[in-house]
Amino acid sequence: MAEIRVNPTRMELKKLQARYATARRGHKLLKDKRDELMRCFLAVVRECKQLRSEVEAALDAARGAFSLAAATTHPKMLATALLLPRTEAKIEVSLKNRMSVTVPSLHTEIMGGGDAANYGFAFTSGELDSAIAAFGEVLPQMLRMAELEKEAMLLAEEIERTRRRVNALEHIMMPRYLVAIKSIKMKLEENERGNITRLMKVKDMILHANLAQKYSYFPDEE
């Protein structure tokens, strides 16, 4: 781990201590954000899993009805019946913010109204009507599932970014600050001990000089 190289001064010590305090606050906030993102992600995944099972079951039933209709209807009549649909689905995409993650929100508007069938009933079977109705009913669920899957993907990416930031602060930046702070404190304490030692030596030298001056003076005998 590379060390932070700074001058061992009290000003640098205060700067590093302030940076370390900021890093600790940021680390706590990022951990809280990561935990909340995980909670949201798991809720989205559970809802998406349940919705996917429902959509797959509805699509299987619709495909079964359509296969039965295709088996009982002439291919050209079936193609002609499905050539011009009566209704159209307009999908509007808006954006919403969820834990600082921009996720899409899909809104469906059915234009045309009424029944989706735009064909005569003389040469088609009832299974085709059921299949078209089933596909129309499952469309909102499919859009909701697409919305949830995209949201889960974006949340997973944000969780990974937040996790890397938390690890960088916890295992790289904060230990570096602690090592640098400890190093500066040790250097300052060493300098302080050296200053005290020098002051004591100077004091002893002054004391010895005063004593020597005092006892080196002898008055002349009468």
Exercise. Among 183-195, 130-142, 15-27, what's the highest-first ranking by average C-beta atoms within 10 angstrom per residue?
Worked result: 130-142, 15-27, 183-195
Problem set entry | Interchain or long-range residues, amide H under 5 Å from Ile110's placed H | Lys90
Seminar exercise, completed: Per the rule of 0.36 nm per residue minus the C-alpha distance, extending Asn7 to Lys96 adds in nm 27.3 nm
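Throughout, read-outs are computed from the coordinates displayed, never taken from laboratory work. Just so it is clear, the model here is predicted, and its values are computed rather than measured. As a convention, Cβ positions derive from the backbone with ideal geometry for all residues, glycine included, and neighbour counts pool all protein chains shown.
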